[in-house]
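First up is the structure itself, then whatever we jot down about it.
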Amino acid sequence: MSDTASNQMWGGRFAAGPDAIMEAINASIGFDRRLAAQDIAGSRAHAAMLAACGILTDSDAEAIREGLLTVLSEIERGDFAFSTALEDIHMNVESRLRELIGEPAGRLHTARSRNDQVATDFRLWVREQCDAVDAGLEALIRALLAQAEAGADWVMPGFTHLQTAQPVTWGHHMLAYVEMFARDRARFADARRRMNESPLGAAALAGTSFPIDRQMTAQALGFDRPMANSLDAVSDRDFALEFLAAASICAMHLSRMAEELVIWSSAQFRFVALSDRFSTGSSIMPQKKNPDAAELIRAKIGRIFGANVTLMTVMKGLPLAYSKDMQEDKEPVFDAADSLMLALAAMTGMVGDMTANRAALAAAAGSGFSTATDLADWLVRALDMPFRQAHHVTGALVKAAEDKGCDLDGLTLDEMRAVHDGITDAVFGVLGVDNSVASRTSLGGTAPANVRAQIDAWKERLG
């Protein structure tokens, strides 16, 4: 077959034939350049350890240290020329180091492999992302607490099946998300603790015959300890999977809240008004104010879920130790981390800027027979009625109110007594939504006193 025919088979994009395709599929520098700072930090720690162990001369170690700082400076300034032919960030850095300091650069890779090198770099990067997400979640929690404090006693409908269920307070609803996002913080913190072990020194898969000090490099890079098994050290990507799993749950929480903001900001609800900073208009409908930031948060969650599935699929069939498949671990994690941080920032901005419509919340809280459960509870307490009977009597009263076209407190005492003659005018004391929420004083309940106590507890916890 001629070269021309071969090139046509490979497609017009790869005019150089199979070699170009192999370079394109093999190279990772297009995305793993994001690991530059971590790669250089790992190399500096490794060189310092080699010198301390007498494997590298002090002069070579100093040349490597200074050269790596120069490389890092070039990358940070945007002056570094990345090469696809050099495949990855590790070889790009080492090649430039050789240009800068000559022969000592070739000694840097003593007692390590790209396998433990990339595992170390990636762990360092994911660990930093855990810290960044934690800071983002704390900012969001503080914004939610501010909303909760402002509306600790504002009544609104609580929903099940998106149907009016019982009155709650705005503060209580905001605190529900505080609890959810606090669990997310705990998941990322837990994942961070588990990933904080150093693969460096595991070399290709079996360790090394050089007398290295893995405790020294682990400590220099902020790890708690070295990983205990060299095979596991180079082949493990659980740390990335745990990050994606925690990110997926957090993203799901963000999407749920985004969905509520989309609903609440609609003309049919008018529960909240989002600021112009997080809304857009319509190209042809001048009355529209679209909650685009909330909708985009809701959509970006799919990318995070997809990243989780992607990496699980990459890893599921790999034998120990390292396989080239694992080059596909970084792009989904990078994309998921970017998407999550953007979604957190957008949600924090929306929550901080949004204005709750107290009047609309209160009007909706009193509709849909939201105090029916309070009525049933009163029948149990005041008339010593079994709850199942109280439930039946309340249902009959709701039917009477529906037929009359009013809410429960619109029924007269005589109309109520026509359903059950034991009812007294004391019943009207439990039918108001403010009375309803004030009565929910059980642990975790919606009473304003509970809400304020929880806000104070969270403020103390956050410091």
Inset, instruction - Output the number of residues of region 215-257 satisfying the condition of being β-branched (Val, Ile, Thr) and within 30 Å of GLY349 (Cα to Cα). - result: 1
Inset, instruction - Sort out which residues of region 311-328 are assigned to a helix (DSSP H, G or I) and modelled with pLDDT of 95 or more, and write them in order of number. - result: LEU311, MET312, THR313, VAL314, MET315
Inset, instruction - Would you mind listing the helices (runs of 4 or more DSSP H) fully within region 49-158 where at least 3 residues are more than 30 Å from ARG358 (Cα to Cα), among the polar types (S, T, N, Q) and not assigned by the TED database to the domain that holds PRO448? - result: 58-77, 114-150
Legend entry - Failed criterion for THR441 (all others in (1) among the β-branched types (Val, Ile, Thr); (2) under 44 Å from the mean Cα position of the chain (by Cα); (3) open to solvent by less than 50 Å² (accessible area, probe 1.4 Å) hold): (3)
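Just to be sure before I move on: is ARG381 at negative phi and not assigned by the TED database to the domain that holds LYS300 in the structure I sent?
Criteria met by ARG381.
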Legend entry - Among (1) open to solvent by less than 60 Å² (accessible area, probe 1.4 Å); (2) within 29 Å of GLU87 (Cα to Cα); (3) among the basic types (Lys, Arg) - the single one ARG303 does not satisfy: (1)
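Taking helices (runs of 4 or more DSSP H) that do not extend beyond region 351-406, which have at least 3 residues that are closer than 12 Å to VAL419 by Cβ and not aromatic (Phe, Trp, Tyr)?
Helices (runs of 4 or more DSSP H) meeting the threshold: 387-404.
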Legend entry - ALA258 touching a Lys or Arg at 6+ places or on another chain (Cβ under 7 Å) and farther than 30 Å from ALA52 by Cβ: yes
Inset, instruction - Return the only residue of ALA139, ALA150 being surrounded by fewer than 19 Cβ atoms within 10 Å (Cβ to Cβ), under 30 Å from PRO332 (Cα atoms), hydrophobic (A, V, I, L, M, F, W, C) and out of contact with any Pro (no Cβ under 6 Å at 6 or more places or on another chain). - result: ALA139
Legend entry - Restricting region 236-252 to residues that are of a type outside the set (Phe, Trp, Tyr) and open to solvent by less than 10 Å² (accessible area, probe 1.4 Å), the residue that is nearest to LEU320 (Cα to Cα): ARG237
Legend entry - Candidates ALA251, ALA307, ALA258, ALA228 - the one that is part of a loop (DSSP other than H, G, I, E, B), assigned by the TED database to the domain that holds MET156 and at pLDDT 95 or above: ALA228
Legend entry - Unmet requirement for LEU175, which otherwise passes all of (1) in contact (Cβ under 8 Å) with a residue 24 or more places away in the chain; (2) more than 27 Å from LEU137 (Cα to Cα); (3) buried (at least 16 other Cβ atoms within 10 Å of the Cβ); (4) not acidic (Asp, Glu): (2)
Inset, instruction - State whether the residues of region 282-290 include one that is open to solvent by less than 40 Å² (accessible area, probe 1.4 Å) and out of contact with any strand residue (DSSP E or B) (no Cβ under 8 Å at 6 or more places or on another chain). - result: no
Inset, instruction - Only residues that are over 11 Å from ALA382 (Cβ atoms), open to solvent by 50 Å² or more (accessible area, probe 1.4 Å), at pLDDT 85 or above and not basic (Lys, Arg): list them for region 409-424, please. - result: THR412, LEU413, ASP414, GLU415, ALA418, VAL419, ASP421
Inset, instruction - Would you be able to tell me the number of residues in region 330-346 that are buried (at least 22 other Cβ atoms within 10 Å of the Cβ) and either among the acidic types (Asp, Glu) or not in a helix (DSSP H, G or I) (or both)? - result: 0
Inset, instruction - From (1) closer than 30 Å to ALA51 by Cβ; (2) open to solvent by less than 10 Å² (accessible area, probe 1.4 Å), pick out the condition that doesn't hold for ILE212. - result: (2)
Inset, instruction - May I ask you to say which residue of LYS459, LYS404 is modelled with pLDDT of 90 or more, surrounded by 12 or more Cβ atoms within 10 Å (Cβ to Cβ), more than 18 Å from PRO167 (Cβ to Cβ) and basic (Lys, Arg)? - result: LYS459
Legend entry - Residue count for region 412-444, restricted to those that are in a loop (DSSP other than H, G, I, E, B) and either in contact (Cβ under 8 Å) with a residue 12 or more places away in the chain or of a type in the set (Lys, Arg) (or both): 10
Inset, instruction - Hey, can you tell me all the residues within region 332-366 that are closer than 30 Å to ASP232 by Cα and modelled with pLDDT under 95? - result: none
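The values are calculated or read from the model by the stated rules, or taken from the named source; none is laboratory data. All values reported here derive from a predicted model rather than from experimental measurement. For neighbour counting, all protein chains shown are included, and Cβ atoms are generated from backbone atoms with ideal geometry for every residue, glycine included. Each accessible area value is taken on the protein alone, full model and side chains, heavy atoms only, with ligands, DNA and RNA left out. Shrake-Rupley method; radii C 1.70, N 1.55, O 1.52, S 1.80 Å.
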